[in-house]
Ligand code: NDP
């Protein structure tokens, strides 16, 4: 697998914490020679820290470029590829991971700002990133080559009460991903969706507003996944032979109903 990833340029959005951070590290560990990773998020300091951690762990064989990028800001996305240094422009793998949840509310109480934030980040942000990177993939070979790996959620398949907006954003990711996969069927651009179940990250803290008893109730009898568990699946999918598409994967912790 390491050989297949060698020489590639990977882009991970939302890499300042959780699954995205683990994913950048897992790519570096799996292919520690001749790999480039662009890590993006709003918190540049955390990205710089991640770059330092990767360098410490695997040395100079992996070049990491931290870039401050808010995926909910279309102007920033438009400017993203043109402002990359030349050696990082030939992106091979896009991991659309940036996402958030804000507020748990029954339908009558949904806050318009929270709703817009979730849709602008989880859906429009993911689509805008895809549009920004697709031209790079499309000009490669005949018809194109590259990997788009979208992080959805079990919430996109099984909505829960009070989470209507977050669940709707992840259902939208799912529909968009499947539609895109069909659009690109004649190319070597692989479109992949990985849907995590419960993963313990900063996301979980936000979701439960730091309320440990609420978290304990949701996690009752379940040992949540770690970011590393999802990262391993992402890197596995990207490391397959070109003819193999791990198109749609649900990753649960044992015992999650
Ligand atoms: P974290 O909160 O730890 O990570 C979310 C990442 O997204 C952070 O790096 C954050 O960086 C980034 N992000 C949020 N908003 C933006 C934005 N506007 N622009 C750029 N980056 C942004 O949570 P997870 O690692 O758990 O979440 C990663 C993905 O996994 C999300 O899409 C989430 O929906 C999904 N998921 C998570 C599950 C879980 O149980 N944890 C379950 C199923 C799916 P910064 O704040 O620096 O911008």
Taking the beta-carbon count within 10 Å as an exposure proxy, list 26, 142 from fewest neighbours to most. 142, 26
Could you give the spread of the C-alpha atoms of the chain along their three principal axes, from largest to smallest, in whole angstroms? 49, 39, 34
Calculated FRET value between residue 158 and residue 34, using beta carbons and R₀ = 41 Å, to 0.05: 0.50
Assertion target for 219, 166, 160, ordered by fewest C-beta neighbours within 10 angstrom first, is 160, 219, 166
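With the contact rule set at Cα under 8 Å and sequence spacing of 6 or more, what percent relative contact order holds for the stretch 72-124? Could the numbers behind the result be given before it?
Numbers: 21 pairs, mean separation 22.5, N = 53.
Relative contact order for the stretch 72-124 comes out at 42 percent.
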What is the list of residues in the stretch 136-161 whose amide nitrogen lies under 15 Å from a point 7 angstrom out from the Cα of residue 175, following Cα to Cβ? 156-159
If I take R0 = 35 Å and measure r between the Cβ atoms of residue 214 and residue 81 in this structure, what FRET efficiency does the formula 1/(1 + (r/R0)^6) give, to the nearest 0.05? 0.30
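According to the Cα gyration tensor, what semi-axes, each the square root of 5 times an eigenvalue, does the equivalent ellipsoid of the stretch 167-257 have, listed from largest to smallest in whole Å? The partial results should precede the final answer.
Details: eigenvalues 183, 46, 20 Å².
Largest first, the stretch 167-257 gives 30, 15, 10 Å.
Pull out the extension gain between residue 247 and residue 89, defined as 0.36 nm times the separation in residues minus the alpha carbon to alpha carbon distance; nm, one decimal.
Numbers: separation 158, 0.36 × 158 = 56.88 nm, distance 2.54 nm.
Extending this stretch completely gives an extra 54.3 nm.
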In whole percents, the bins of 5 Å from zero upward hold the Cα-Cα pairs of the stretch 100-206 as 2, 12, 20, 22, 16, 12, 8, 5, 2, 1, 0
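What ranking do 90, 232 get, fewest neighbouring Cβ atoms within 10 angstrom at the top? Mind dumping the intermediate values first?
Details: 90 14, 232 17.
Result, fewest neighbours first: 90, 232.
No lab work stands behind these numbers, since they all come straight from the coordinates. Keep in mind the model is a prediction, meaning the values are calculated, not measured. When we count neighbours, we look across all protein chains shown, and the Cβ atoms used for this are built from the backbone with ideal geometry, even at glycine.
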